[in-house]
Amino acid sequence: MAPSADISDFVPVSDWPDLEALAAGYSEHLMPQSNTLTGKKFEHSFDNGYRISHHFVDDDKLTWRILDGEDHVGLSGDAQYKSFEVRSNIFFVDFYKPAYKEQVSLVLDVITGQAVVGVSGFSDETAGQRRTWTKFTNATANHRGSVEPYLPTEELIGKHVLYRYTPRDAYEHVYLNKGTFLWHCLSGTEKGLADAERCKMLKLRDNLYLLFWTETIMPVESIVVVDLEAMRSTGRFFCWDPKPQRAVHMLFGSYATVLAETRRYKGTREANSKVEGSYTF
């Protein structure tokens, strides 16, 4: 289903929907969960000095334990998790640690042992509001040597990508530079809403990226694996929704289409007179 062709007007923040309304139905294009990790156990050495084990006990439950790291050795817990094989042998794992009020998203390559984890939580409440934060840490699994981090990439810069999260909800992204992208809702619950956000882009494999962004208006932190080979995305957002005054977590998937790609600026008008896709200057 193509996005609506109607042209929207500017939408003031006071008219934005609450995030629970946004979350309805966003799992429609989420890929099937994977049970490949069931029964497996990994020990990851993180670049902050911690060593943590994750045991995927069954299809839904994992246990974690801190093996090394300052004064936290021996701390452990369990969680309900969801796992998605976003590319062969690369998994996006998402779970919540209720005792710490933290949402954990782990991207794990079981072949190379490389991993990166994004942990999101809330800052102290001020005047009824909370801000969401996210911290990233690189890791390597099962004593495979020094941590080899996933590196920042410029490969998304200049791309204009359409993401269809449901048959009704479609967004366009334009990746401007290493730390900024634009999003605009073309159809669906947030139709007409748009903003520029701070982002982080890491290359996982060829045409496979980890995209993180933190939103300015709403305290949303999103971690997404974008596959421009399979033309899909898989991820989550986590935030404090100020309208119902509670945490909101949502897993989502999309089908992607690259609409255009702007070539790099060369410093002359002639060098910038052509772009790939449907745009012209």
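Taken along the Cα-to-beta-carbon direction at a fixed 7 Å, the label points for Trp133 and His72 span 1.3 nm.
Remark: the Asp195-Ser34 segment gains 54.6 nm on full extension, using 0.36 nm per residue and subtracting the alpha carbon distance.
Taking 0.36 nm per residue of sequence separation and removing the Cα-Cα distance, the Leu176/Lys82 pair yields an extension gain of 30.7 nm. Couplings 3J(HN,Hα) for segment 207-220, derived from phi with the Karplus relation 6.51 cos²θ - 1.76 cosθ + 1.60 (θ = phi - 60°), are 6, 10, 9, 9, 10, 10, 9, 10, 8, 7, 7, 9, x, 9 Hz, where x marks Gly and Pro. A simple packing score, the average count of other Cβ atoms within 10 Å per residue, orders the peptides 45-56, 155-166 as 155-166, 45-56, with the highest score first. Past 27 Å, Cα to Cα, is the threshold; run Lys41/Lys159; Lys41/Lys203; Lys135/Lys203; Lys82/Lys203; Lys135/Lys178; Lys61/Lys178 against it and keep the listed order. Among Lys41/Lys159; Lys41/Lys203; Lys135/Lys203; Lys82/Lys203; Lys135/Lys178; Lys61/Lys178, the Cα-Cα distance tops 27 Å for Lys41/Lys159; Lys61/Lys178.
Annotation: extensible slack from Arg51 through Met231 equals 61.4 nm (criterion: 0.36 nm per residue apart, minus Cα-Cα distance).
Only the coordinates and a few stated rules stand behind these numbers; no lab work does. Everything numeric in this text was worked out from a predicted model, so none of it was measured. As a convention, Cβ positions derive from the backbone with ideal geometry for all residues, glycine included, and neighbour counts pool all protein chains shown.
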